Amino acid sequence: MIYIRIAPVDVTSVREMYPSFRLKGKSFHKGDGFMANQHHSLRKQIMKSKILLLFLLPAVVWYFIFYYIPMYGVTIAFKDFSITKGILGSSWVGFEHFERMFDSPDFSRVLRNTLVISTLKLVFVYPSGIFVALALNELFHEKFKKVVQSITYLPHFFSWVIIGSILVELLSPSTGLVNQIITAFGGEPVYFLAEKAWFVPILILSDIWQSCGWGSIIYLAAIAGVDPQLYEAATMDGAGRFRRIWHITLPSIANVIIIMMIFNVGNIMNAGFDQIFNLYNPRVYEVSDILDTYVYRVGLVQMNYSFSTAVGLFKNVVALILVLLANKLANKFGHTGLW
Amino acid sequence: MAVAGQKNKFTFFDYLNYAGLIVLSTSVVYPLIYLLSLSLSSREGLVQAGGSVWLWPQGFTWKAYTGFLDQSYIYSGYFYTVFRTIVGTFLSVLFMSLAAYALAKAVPFKKTITFYFIFTMFFTGGLIPTYILIKNLGLINNPLVYILAPPYLYNTFYMLILRNFFLTIPDSLEESAKMDGAGDIRILFQIMMPLAAPALATISLWVAVNHWNSWFDSLIYVQSADLQVIQVHIRKLIIEQSALLMSDAMEFYDQANMPTPESMKAAAILITMIPILCVYPFIQRYFVKGVILGAVKG
């Protein structure tokens, strides 16, 4: 996720800059609004901006229905939910589902897999965008750079259903290209997607393949802002390629690198549902089953609604705490976090 | 990087760098070429070539494609994917613009409402409570769910990018329009929206690609195969390896000149990808602009 700041409009200062207008007996104030009109009653303010509030109304209603009602729905994690009784009619069971969850070997397995896979992605996938940006920045030919950029951004636009399908085809033990090459050199075919030792490396590699080009954009933008005089001065002083990258390029984009890393750490509870769901199978559940896929199977396939909601709630609460911490950390680095 | 005085001094590092990027680009392009050749190869051609395709099709036949085009689920799948991409994107961008514009102006409770939206970026009820809601709303097995269900109609992140863009438009324009007697609705649609066209184009493209690529909502909320989107059919065919779908597509052919199952799967993948591949060269720069827009603004 990229960072943005919610900047409040400084209404009072705008108002000082512009005098009020008078037209057809009505007075117009530049920047008239909530802040500037504290002496008016709330009712008047609402009437004044009723059209704007009307613009917001569908959004407020939609968010209430589709986000806030399900937030109330998490109470089924503390209930014995049955479809026939509904959320209100089902009886409370306290922390029973959570106790069962923490005792379950399945849960510790999926929690471990989630953390292992997202840590590996943090170590290998996240830096790949930086490497591609640095590599692109060292090219001499603008045309070549443009072509490479266009090609490497492309996989970002494929869904994991498509990428998963391509991988299933390429890695098929009988007809897949990779195994055809292996057998052509006299090797034994490997059923990559069903081998525990291969599954996680395939996740990492395919994630790099999908995201390294797109991930480089933000770093390239940061590199574009570096003063070329710095490079010229360094070259005069006899600095070679790697010293220029190490002492100029990297320090100049260090802020972006740190911010992106903090947000990646905050996102560690998401190991990549779409990707894993489209690649995994029961033979590799032991290494590939993550919190999100577990919630899906237990909830929607086995219909254990309450237990599944408890697992999902645990994940969401931990994720929320991590994101809040990450944002605090980002602000500490002198950057605007998400708010 | 073209540093003065250093131009065209090709070192070992440069060869390595160029080679690395060529390998990376090839890893993207080659699988597509391979799938294309495989999808166009005939059974006899494949057998003669020892069972595999490298670069060019072995033999040549369109049958893998025509076989799929005879399938009703390809049409219904395509129909619902195109439907949600067009109608869903239009409604989403329209409603998000309304809200984003209001948030860029001085409305009462602005801070509270903004927080009310942003909070959902960090905490949600999760899969099961949302599923129960959709069920209670009667949206199960209803294609309207493609347009209405989160995260499609409103996307908080996109909405905030739009709002930030509206904030950059000088107030003087709105002021003079107001003096001429224009109301909020006219100001938004006749002045603000045209001025925000670059941002609207970027957001529309993002929403459209998300719609084209979506599959999970169709998988969990819609059970009837004739209402599901194309991505779900591809998933069933290749990832879940549904034998039923495959045999459906093949029964039109006698064994001898029928394409192999692998050719048909390759054709199925390409059928789903082709629209993205076709528009990609034209829209790519908007996406890149958008990333910068989202990152630097604020």
Item to complete: Would you mind telling me which numbered condition in (1) farther than 28 Å from A:Phe81 by Cβ; (2) at pLDDT 90 or above B:Asn141 fails?
Response: (1)
Worksheet item: Of the conditions (1) at positive phi; (2) at pLDDT 95 or above, A:Tyr63 fails just one. Which one is it?
Response: (1)
Worksheet item: With respect to B:Thr156, is the statement that it is among the hydroxyl-bearing types (Ser, Thr, Tyr) and buried (at least 18 other Cβ atoms within 10 Å of the Cβ) true?
Response: yes
Discussion item. Regarding the range B:7-20, can at least one residue be identified that is more than 9 Å from every other protein chain (Cβ to nearest Cβ), within 30 Å of A:Ala59 (Cα to Cα), aliphatic (A, V, I, L, M) and without any contact (Cβ under 8 Å) to a residue 24 or more places away in the chain?
Written reply: no
Worksheet entry | Every residue from the range A:227-258 that is part of a loop (DSSP other than H, G, I, E, B) and either loosely packed, with under 14 Cβ neighbours inside 10 Å or in contact (Cβ under 8 Å) with a residue 60 or more places away in the chain (or both) | A:Asp227, A:Asp237, A:Gly238, A:Gly240
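Would you pick out the residues in the range A:159-172 that are at the interface with another protein chain (Cβ under 7 Å from one of its Cβ atoms) and closer than 14 Å to B:Ser27 by Cβ? Please lay out each step first, then the result.
Of the residues in the range A:159-172, the ones at the interface with another protein chain (Cβ under 7 Å from one of its Cβ atoms) are A:159, A:161-162, A:164-166, A:168-170.
Within the range A:159-172, A:Ile166, A:Leu170 meet the criteria.
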Worksheet item: Restricting attention to the range A:282-296, and to residues there that are away from chain B (no Cβ under 11 Å) and without any contact (Cβ under 8 Å) to a residue 60 or more places away in the chain, which single residue is surrounded by the fewest Cβ atoms within 10 Å (Cβ to Cβ)?
Response: A:Pro282
Worksheet item: Is there any pair with a first residue in the range A:195-207 that is closer than 18 Å to A:Phe273 by Cβ and touching a residue at least 12 places away in the same chain (Cβ under 8 Å) and a second that is among the aliphatic types (A, V, I, L, M) and surrounded by 18 or more Cβ atoms within 10 Å (Cβ to Cβ) whose Cβ atoms are under 6 Å apart and which are 6 or more apart or on different chains, and what are they?
Response: A:Phe199/A:Val284; A:Phe199/A:Val287; A:Val200/A:Val287; A:Asp207/A:Val125
Worksheet, complete the sentence: When (1) over 19 Å from A:Asn316 (Cβ atoms); (2) assigned to a helix (DSSP H, G or I); (3) of a type outside the set (Gly, Ala, Ser) are applied to A:Asp106, the one that fails is (1)
Worksheet item: How many residues are part of a helix (DSSP H, G or I) and at the interface with chain A (Cβ under 8 Å from one of its Cβ atoms) if we restrict to the range B:137-158?
Response: 2
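For B:Lys63, state whether it is more than 14 Å from chain A (Cβ to nearest Cβ) and crowded, with 19+ Cβ neighbours inside 10 Å.
Numbers: more than 14 Å from chain A (Cβ to nearest Cβ): yes; crowded, with 19+ Cβ neighbours inside 10 Å: yes.
Answer is yes for this residue.
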Worksheet item: What residue, of A:Leu120, A:Leu56, A:Leu111, is outside the structural domain of A:Ile202 (by TED's automatic domain parsing) and part of a helix (DSSP H, G or I)?
Response: A:Leu56
Practice prompt. Among the residues of the range A:173-206, write down those that are within 33 Å of the chain's Cα centre (by Cα), within 13 Å of chain B (Cβ to nearest Cβ) and part of a helix (DSSP H, G or I).
Written response: A:Leu177, A:Val178, A:Leu193, A:Ala194, A:Leu205, A:Ser206
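What helices (runs of 4 or more DSSP H) lie completely within the range B:1-120 and have 2 or more residues being more than 25 Å from the chain's Cα centre (by Cα), aliphatic (A, V, I, L, M) and at pLDDT 90 or above? I'd like the intermediate steps shown before the answer.
Details: elements: B:12-40, B:43-48, B:63-69, B:72-83, B:89-104.
Counting at least 2 such residues, we get B:12-40, B:89-104.
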Worksheet item: Could you list, in sequence order, the residues of the range A:137-157 that are more than 7 Å from chain B (Cβ to nearest Cβ) and either within 13 Å of A:Trp209 (Cα to Cα) or crowded, with 21+ Cβ neighbours inside 10 Å (or both)?
Response: A:Gln149, A:His156
Worksheet item: Is it the case that the range A:78-93 has a residue that's modelled with pLDDT of 85 or more and on the phi > 0 side of the Ramachandran plot?
Response: no
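Quick one: would you say A:Ser104 is within 8 Å of chain B (Cβ to nearest Cβ) and among the hydroxyl-bearing types (Ser, Thr, Tyr)?
On the way: within 8 Å of chain B (Cβ to nearest Cβ): no; among the hydroxyl-bearing types (Ser, Thr, Tyr): yes.
The answer is no for A:Ser104.
The values are calculated or read from the model by the stated rules, or taken from the named source; none is laboratory data. It should be emphasised that the depicted structure is a prediction, and the values quoted were computed from it without experimental measurement. With ideal geometry, Cβ positions are generated from the backbone for all residues, glycine too; neighbour counts draw on all protein chains shown.
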